[in-house]
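Here's the structure, in structure tokens; my notes come after.
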Amino acid sequence: MMARLFQKILIANRGEIALRIQRACRELDIPTVAVHSTADSQAMHVRLADESVCIGPPSARDSYLNVAAILSAAAVTGADAIHPGYGFLSENAGFAEMVEAHGLTFIGPSSAHIRMMGDKIAAKTAMASIGVPLVPGSEGALVDLDAAREVAGRIGYPVLIKAAAGGGGRGMKVAMDASELDEAWTVARTEARTAFGNDAVYLEKYLDRPRHIEMQVMADSHGSVVHFGERDCSLQRRHQKLLEEAGSPALTGEERDALGAVVCEGLRNLGYRNAGTLEFLYQDGQFSFIEMNTRLQVEHPVTEMVCGVDLVREQIRIAAGEKLGYTQADVHFSGHAIECRITAEDPVTFAPTPGKVSVFHAPGGLGVRVDSALYAGYVVPPYYDSLVAKLIVHAPTRPEAIARMRRALAEFAVVGIKTTIPLHQRIVEDPEFQAGDYTIHWLERFVDTHRGD
Ligand code: ADP
């Protein structure tokens, strides 16, 4: 038996991602600790963990975001590392610092890098310094509305006012022309102040028909950085991703290699460590950086399927100080993968649909993966993110992956609550989607068109 990388890992998250991390830990023979709110005592991540600790009431602020309770849970269970998953505390530099200050390992990048990339203005400055192309816009934060007018006049409308501390598509406002700038400025700043407690905003050219293409990277603490290719996450509603693909239907292998090389070289120079994703807008053959996520992402499974890599296992190994042990030349891309994010929402109105799941039957068969914490009898609580399942398929070609997704969606039975499965069924039947012919604006129009169905 090999020595364990960690004695015990506490997973500071819930839902499917907590299960995903538990699975990687189990294969590495590392015991896990689940934390949960009182609303989640019957949750699957609690049932499957080796140990669990209740950390507070339903509200995320008092439980999954409760740093003191989480650190106490680690102390009483003897965990020596914490995996934050995505969302919640995963991009909170202060939390990463506290974890390390308590003598535990934070499974992720250094707190300095989390802090740097969490401020989108600092992130853009850092990226520019390592030769990564940016969306044209203001240099740094805008001091006042006049400064916004000046930059917008220079780069041309439409423009986007964005919150430096933004996330989850909030604190972002478009101005189609000069007459809309005043309002966009006020709305974006108010939203930024309310949502993030920081009203610093910057301005970017609003691209009219880009794709969202992001690069998955992994870096060890010995100077090795590799990328695992791109994901196309252009299918979004309200700046939130619904369906992702690897690779992008719009990108050639040469374009991927070229972008990947720039990104890896840059992150090596920054001394970045662990998993990260650089997000770009891609239009007219040009990549423009928008932000970097310093954590595992929801859509990481499509990358795992085409690369045959366990990204969570890699995160854990790197956090324990191991070397990657392979180079870019060892990373191979095989076939095509698609992920549908299935949420507990009405497929037409998107109203949340928490409640009891009476029947749960997940699809299976060749090339099908379901990451979900649902089970028959489970009650989806109203307090958290509405994501309840990720359905991922892998096949040799994109048309075969679409056929497989169609088949798997038809097999998927979730009874008792409404989900977005019917929406995904309509998307995969659409000729434009099948042709790979879409931008970040495609899905909003598609949803509007199907509202009358
Ligand atoms: P967040 O951190 O809130 O997710 P991002 O900067 O990642 O914000 O942007 C989210 C989405 O908003 C992008 O995927 C894209 O669809 C859209 N977006 C962001 N910047 C621009 C831009 N300059 N032009 C057009 N769309 C944009």
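Within the stretch 120-149, how many residues turn out to be of a type in the set (D, E, K, R) and either in a helix (DSSP H, G or I) or crowded, with 19+ Cβ neighbours inside 10 Å (or both)? Working first, answer last.
Kept after step one, since they are of a type in the set (D, E, K, R), are these residues of the stretch 120-149: 120, 124, 139, 144, 146, 149.
Filter once more, keeping what is either in a helix (DSSP H, G or I) or crowded, with 19+ Cβ neighbours inside 10 Å (or both): 120, 124, 146, 149.
Adding up the residues that qualify gives 4.
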Of the residues that make up the stretch 151-161, is at least one within 13 Å of the ligand (Cβ to nearest atom), open to solvent by less than 20 Å² (accessible area, probe 1.4 Å) and in the same structural domain as residue 401 (by TED's automatic domain parsing)? no
Checking the condition at positive phi and of a type in the set (A, V, I, L, M, F, W, C), which residue from 350, 360 passes? 350
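Name the residue that is farthest from residue 8 (Cα to Cα), counting only residues in the stretch 106-119 that are open to solvent by 10 Å² or more (accessible area, probe 1.4 Å) and touching a Lys or Arg at 6+ places or on another chain (Cβ under 9 Å). Spell out the reasoning first.
If we filter the stretch 106-119 for residues that are open to solvent by 10 Å² or more (accessible area, probe 1.4 Å), which is where we start, we get 110-113, 115-116, 118-119.
If we keep only those that are touching a Lys or Arg at 6+ places or on another chain (Cβ under 9 Å) as well, we get 110, 113.
Values: 110: 20, 113: 25 Å.
Per the criteria, the residue is 113.
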Residue check, residue 202 within 11 Å of the ligand (Cβ to nearest atom), modelled with pLDDT of 95 or more, in contact with a Pro (Cβ under 6 Å, 6 or more places away or on another chain) and within 29 Å of residue 285 (Cβ to Cβ): no
Is there any pair with a first residue in the stretch 174-187 that is closer than 18 Å to residue 143 by Cα and a second that is within 15 Å of the ligand (Cβ to nearest atom) and basic (Lys, Arg) whose Cβ atoms are under 8 Å apart and which are 6 or more apart or on different chains, and what are they? 183/173; 184/173; 185/173; 187/173
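Please work out if residue 164 is hydrophobic (A, V, I, L, M, F, W, C), closer than 27 Å to residue 242 by Cβ and within 15 Å of the ligand (Cβ to nearest atom). Spell out how you get there, then give the answer.
On the way: hydrophobic (A, V, I, L, M, F, W, C): yes; closer than 27 Å to residue 242 by Cβ: yes; within 15 Å of the ligand (Cβ to nearest atom): yes.
Criteria met by residue 164.
For the stretch 405-453, which fully contained helices (runs of 4 or more DSSP H) count at least 2 residues that are buried (at least 17 other Cβ atoms within 10 Å of the Cβ) and more than 16 Å from the ligand (Cβ to nearest atom)? Working first, answer last.
Numbers: elements: 421-429, 431-434, 442-449.
Counting at least 2 such residues, we get 421-429.
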Testing residue 377 on (1) open to solvent by less than 50 Å² (accessible area, probe 1.4 Å); (2) farther than 23 Å from residue 20 by Cα; (3) part of a loop (DSSP other than H, G, I, E, B), one condition comes back false. Which one is that? (2)
List every residue pair whose Cβ atoms lie under 6 Å apart, where the two residues are 6 or more positions apart in sequence or sit on different chains, the first residue falls within the stretch 140-162 and is more than 16 Å from residue 290 (Cβ to Cβ), and the second residue, located anywhere, is of a type in the set (S, T, N, Q) and open to solvent by 60 Å² or more (accessible area, probe 1.4 Å). none
Counting only residues that are open to solvent by less than 10 Å² (accessible area, probe 1.4 Å) and among the β-branched types (Val, Ile, Thr), give me the helices (runs of 4 or more DSSP H) lying completely in the stretch 1-101 with at least 2 of them. 15-27
Hits in the stretch 218-247 (condition: open to solvent by less than 10 Å² (accessible area, probe 1.4 Å) and within 14 Å of the ligand (Cβ to nearest atom)): 230, 231, 232, 233, 234, 235, 243, 244
Residue check: is residue 3 at pLDDT 95 or above and not assigned by TED's automatic domain parsing to the domain that holds residue 195? no
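Could you please find all residues in the stretch 270-291 being of a type in the set (A, V, I, L, M, F, W, C), within 11 Å of the ligand (Cβ to nearest atom) and out of contact with any Ser or Thr (no Cβ under 8 Å at 6 or more places or on another chain)?
Scanning the stretch 270-291 gives 278, 289, 290.
The values are calculated or read from the model by the stated rules, or taken from the named source; none is laboratory data. Not measured: the values here are computed from a predicted model. Here the Cβ is made from the backbone with ideal geometry for all residues, glycine too, and neighbour counts use every protein chain on show. Just the protein is used for accessible areas: all its heavy atoms, side chains included, with ligands, DNA and RNA removed. Shrake-Rupley method; radii C 1.70, N 1.55, O 1.52, S 1.80 Å.
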